[in-house]
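Enquirer: Here you go, one structure.
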Amino acid sequence: MIRISVVLPTLDRPEAIYNLLRHLEHQTVPPFEIIVVDQSTEPDLRLAAYAADHPRVRLCRISVKGLPNARNVGVRESRGEAVLFLDDDSIPDADLVRFHAEAYADAEVAGVGGQVRGGYDRGGGAIGTFRESDGRVVRNFGASTRCAVDHLPGGNMSFRREVFDRVGGFDPSYGGSAIGEETDFCLRARRAGFRFLFEPRASLEHLHLPTGGCRAPNFEDWLYWHSHNTVLFALRHARRALLPLFFLKRTLRLGLFAIEHGSPALIAVGLRGFTRGIATYRAAR
């Protein structure tokens, strides 16, 4: 069976990451190793003691905050043939690692996404699709149907190491809440010819903690980076002919945000994010 390294990026969530590590002790197929990439402001003594007492666990303290960078550090530090990413505020089912590993028995599968209970759009319809015509991303990762997909859920996804060797890492340009960074990576990998599978039996519960992790300190910060990241993603992956419609819809949404929050200044915040996203895209070309 393929050896899976589990990478756990964490930021200012000491209770959550400790809880996750304790749950990972009960996997029916234990991971080859666990890499905790800690970006927290202060080191946590209990977390350090846990890593020291468990040879399978390695703790990496880094000073640069940001989910894409933490993922990349985890990939560089890992040694397994596949790398599995889990959100720090999640509770994995006991067979999660097993079902990720078993999916790689098919040599054509280069990445696996598992079911995420709580928070993702649910119901019937498509799962993990991307529509290039207008840049629409469909998640629906709470579904229960095993199928091929275009992209994977960031809090429960794994990749063969060859994917990173060929495509590179996650893009740190996706700042703030990092929305879009995992989908951007997946679409780059798909264009390189890699195939992904959604395996709902590799399931976990996402707790959606209100603080820490990628949570923005305030709505203005969230809106700025959401605007930046969605524009950057659209410029890279959506069909050019429909970009004017995309910008129109996003601008109208800024107006709705301003009305909902009673703050016309939010329009300017979002537009600054748009402008910065365009600049980020141009600088990388």
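The values are calculated or read from the model by the stated rules, or taken from the named source; none is laboratory data. No experiment lies behind these values; they were computed from the predicted model shown. Methodologically, a virtual Cβ is constructed for each residue, glycine included, from the backbone with ideal geometry; neighbour enumeration extends over all protein chains shown. Heavy atoms of the whole protein, side chains included, go into the accessibility calculation; ligands, DNA and RNA do not. Shrake-Rupley method; radii C 1.70, N 1.55, O 1.52, S 1.80 Å.
Enquirer: Rolling a 1.4 angstrom probe over the protein heavy atoms, how many square angstrom per residue are accessible across the chain?
Expert: Details: 12970 Å² over 285 residues.
I get 46 Å² per residue for this part.
Enquirer: Report the full-extension gain for the segment E42 to T145: residue separation times 0.36 nm, less the Cα-Cα distance, to one decimal in nm.
Expert: Working: separation 103, 0.36 × 103 = 37.08 nm, distance 4.14 nm.
Full extension of this stretch gives 32.9 nm more.
Enquirer: I've got another one for you. Can you give me the three principal axis dimensions of the chain from its C-alpha atoms, in Å, biggest first?
Expert: Per principal axis, max minus min of the Cα coordinates gives 52, 42, 37 Å.
Enquirer: Before anything else, pin down the relative contact order of the chain: Cα pairs under 8 Å, at least 6 apart, normalised by residue count, whole percent.
Expert: 20 percent
Enquirer: Also: Give me Rg over Rh for segment 19-117, both radii from the alpha carbons and Rh done the Kirkwood way, two decimal places.
Expert: Working: Rg = 13.9 Å, Rh = 14.6 Å.
Here the Rg-to-Rh quotient is 0.95.
Enquirer: For E108 and R282, calculate 0.36 nm times their separation in residues minus their Cα-Cα distance, and state this gained length in nm to one decimal. Walk me through the intermediate numbers first.
Expert: On the way: separation 174, 0.36 × 174 = 62.64 nm, distance 3.45 nm.
The E108-R282 span can extend by a further 59.2 nm.
Enquirer: Could you check the spin-label model distance between I267 and T28? Points 7 Å from the Cα along Cα→Cβ, value in nm.
Expert: Modelled inter-label distance: 5.6 nm.
Enquirer: Can you tell me the length gained on complete extension of the stretch K249 to N19, counting 0.36 nm per residue apart and subtracting the Cα distance? Mind showing how you got there, number by number?
Expert: Details: separation 230, 0.36 × 230 = 82.80 nm, distance 4.07 nm.
78.7 nm is the gain from fully extending K249 to N19.
Enquirer: Before rounding to the nearest 500, sum -39500 (n - 2.57) across all DSSP H runs of length at least 4 in the chain and divide by the residue total; then give [θ] at 222 nm in deg cm²/dmol. Don't skip to the answer; put the middle values down first.
Expert: On the way: 9 runs with 115 residues, N = 285.
Counting only the DSSP helices, I get -12500 deg cm²/dmol.
Enquirer: Ignoring any ligand, DNA or RNA, what whole percent of the accessible area of segment 201-269 comes from carbon and sulfur when the probe is 1.4 angstrom? Spell out each step's value before the answer.
Expert: Details: 2440 of 3770 Å².
About 65 percent, which is the carbon plus sulfur part of the accessible surface.
Enquirer: Follow-up question, since we're still on this one. In what order, largest first, do S5, S263 sit by accessible area if the probe radius is 1.4 Å?
Expert: Working: S5 0, S263 35 Å².
Of S5, S263, the descending order of accessible area is S263, S5.
Enquirer: What fraction, in whole percent, of alpha-carbon pairs in segment 123-216 exceed 16 Å separation?
Expert: Of all Cα-Cα pairs in segment 123-216, 60 percent lie more than 16 Å apart.
Enquirer: What does DSSP give for the chain in terms of the percent of beta bridges that are antiparallel, rounded to the nearest 5? Present the calculation step by step, with values, prior to reporting the outcome.
Expert: Details: 17 of 39 bridges.
Counting DSSP beta bridges with both partners in the chain, the antiparallel share is about 45 percent.
Enquirer: Identify the GluC sites (Glu not before Pro) of segment 1-106 meeting these criteria: DSSP loop state and at most 12 other C-beta atoms within 10 Å of the C-beta. Before the final figure, lay out each step's value.
Expert: Working: sites: E15, E25, E33, E77, E81, E102; in loops: E25, E81.
Sites meeting the loop and neighbour criteria: E25.
Enquirer: What's the carbon and sulfur percent of segment 140-181's accessible surface, probe 1.4 angstrom, rounded to a whole number?
Expert: Working: 650 of 1410 Å².
Carbon-and-sulfur percentage of accessible area, whole number: 46.
Enquirer: For the chain, set up a Gaussian network in which alpha carbons nearer than 10 Å are linked by springs, and say which option among R160, R56, R139 fluctuates the most.
Expert: R56
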